[in-house]
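Engineer: Have a look at the structure that comes next, please.
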Amino acid sequence: MNDIPPTNDVVPQSPFKVMILHNIPVLPLDHPDADSEHEVIETVEIIENVLAEQGVRFERFGLARDLAPLIQRLNSDPPDIVFNMFEGFADFTETEVHLAGLLEWMKIPFTGSKSQALAVGRNKALAKAVLQSYGVCTPGFFWVNDENVPENNLGWPVIVKPATQDASIGVDQGSVVTCQNDLVERVKLLLKNYGPPVLVEQFIDGRELTAAVIEDPEITVLAPSEIHFTIRNKGLWPIISYDAKWKPESLEFEGTPYEYPAKLTPELMVRVKDTVKRAYLALGIRDYGRIDMRVSSDDTIYVIEVNPNPDLHIVTGLAISLDSANQTYGVFLENLVTRAWKRGP
């Protein structure tokens, strides 16, 4: 009997080395917003495992408040690419923009959006103004910088959000208000907890859709998902609150199941994908993004939020919908770093 030749399980190594750069969480685990911030560690571990399977050489760098160790490391032995998983510190969210600007200054290629797109995207009010200037439909809005809240002229109800937070931070059932007094009180609460500006937005009661975008290398809109609001049956507002996103044991989490792919008519699907692509381009997003929408009863599509560098956890909408572009999660991550390497600084 002939001997069976040994198999070669060695994965070919990439020609470049990647630094996976992420923020070290600053919130204690008992902080009400800790779940969203601490998830970055789990996501980084998943990305490390997948990149290893793809043969990508990498190292991890957790960034604390002191920038000196990072700058020293980038100067002494710069990586070929930074896989940018830095989300900013929870109590200083602007640092997400600053970090991208630092990498641009030092001419180090990195994945994801550039600092300008991150700066616009992290300010919901500014992003909506940009969308309007590009002819992308978004709910009416105004923003408030202090406790002098103007009279609401958008109609009731409105939804009130911290303008510079993401991951539904600061959003709960009290976010939807139906009178001026409640609006003033909600603005005061958000100013106290998160600072200015506070976004006041026309509440669109309709279907909630979300769709991710990747560059492969052309811009590709992935199949959208729909959030179903069974919480309506409990007398709750149909919104994606912080609990609905981060608290699996909560009534709101259980009452907001998602469906992928969303069941849309061919005509609405075309319009949704066109809207998503125009919003992506309007904010100058790079590599990947996510667009959240509401579709009213007359099928008007409103862009609620545009997210550069959205969550890359393997169970999120972007990862799940990669099959609509005939991609696996591993290939998507490998393509991200390869594209950053090829485009250079």
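Engineer: Given just the C-alpha atoms of region 142-235, how large is their convex hull per residue in cubic angstrom?
Structural biologist: Working: hull volume 12.3 nm³, N = 94.
Spread over its residues, the Cα hull of region 142-235 gives 131 Å³ apiece.
Engineer: Return, for the Cα atoms of region 229-345, the radius of gyration and Dmax in Å, separated by a comma.
Structural biologist: Over region 229-345's Cα set, Rg and Dmax evaluate to 16.4, 52 Å.
Engineer: Using +1 on the beta carbon of Lys and Arg, -1 on that of Asp and Glu, and nothing else charged, what's the dipole of region 101-164 about the Cα centre, debye to 20?
Structural biologist: Here region 101-164 has a charge dipole of around 360 debye.
Engineer: Computed over the Cα atoms, what is the radius of gyration of region 110-269 divided by 2.2 N^0.38 Å, N being its residue count? Walk me through the intermediate numbers first.
Structural biologist: Working: Rg = 16.8 Å, N = 160, 2.2 N^0.38 = 15.1 Å.
Rounded to two decimals, the normalised Rg is 1.11.
Engineer: Run lengths n ≥ 4 of DSSP H only: what is the helix-derived mean residue ellipticity at 222 nm for the chain, with -39500 (n - 2.57) per run over all residues, to the nearest 500? Walk me through the numbers before you get to the answer.
Structural biologist: On the way: 11 runs with 117 residues, N = 345.
Rounded to the nearest 500, the figure is -10000 deg cm²/dmol.
Engineer: Non-local amide H neighbours of ARG60 (under 5 Å, H modeled in plane, Pro and chain starts lacking H): which ones?
Structural biologist: ILE20
Engineer: Could you order the peptides 169-176, 280-287 from most to least packed, using the average number of other C-beta atoms within 10 Å per residue? Please report the intermediate quantities before stating the final value.
Structural biologist: Details: 169-176: 19.0, 280-287: 21.0.
Going by the mean number of other Cβ atoms within 10 Å, highest first, we get 280-287, 169-176.
Engineer: So which lysines can LYS188 reach, going by Cα to Cα under 23 Å and dropping same-chain residues fewer than 8 places off?
Structural biologist: Excluding near neighbours in sequence, the set is LYS124, LYS128, LYS161.
Engineer: A further question on this structure: List the equivalent ellipsoid semi-axes of the chain in whole Å, largest first, each obtained as the square root of 5λ for an eigenvalue λ of the Cα gyration tensor. Write out the running numbers ahead of the final one.
Structural biologist: Values: eigenvalues 257, 117, 73 Å².
Listed largest to smallest, the semi-axes of the chain are 36, 24, 19 Å.
Engineer: Lys/Arg Cβ at +1, Asp/Glu Cβ at -1, dipole of region 236-296 taken about the Cα centre: which of VAL295, ALA282, SER250 is farthest positive-ward?
Structural biologist: Of the listed residues, the answer is ALA282.
Engineer: Still on this structure: Using unit Cβ charges (K, R positive; D, E negative) and no other charged atoms, how large, in debye to the nearest 20, is the dipole of the chain about its Cα centre?
Structural biologist: Numbers: 30 positive and 49 negative charges, 202 e Å.
The calculated dipole for the chain is roughly 980 debye.
Engineer: If we sort 218-224, 265-271 on the protection proxy, mean other Cβ atoms within 10 Å, highest first, what's the order? The partial results should precede the final answer.
Structural biologist: Values: 218-224: 18.7, 265-271: 12.3.
My ranking of the peptides, most packed first, is 218-224, 265-271.
Engineer: For the peptides 129-135, 305-311, 39-45, 273-279, what is the packing order when you average, over each peptide's residues, the other Cβ atoms within 10 Å and list the highest mean first? List each step's numbers first, then the result.
Structural biologist: Working: 129-135: 13.9, 305-311: 23.9, 39-45: 16.1, 273-279: 20.0.
Per-residue Cβ counts within 10 Å, averaged per peptide and sorted highest first, yield 305-311, 273-279, 39-45, 129-135.
Since every read-out is calculated from the coordinates, none of them should be taken as a lab result. Please read these numbers as outputs of a predicted model, since none were measured by experiment. Cβ atoms come from the backbone with ideal geometry, glycine included; neighbour counts cover every protein chain shown.
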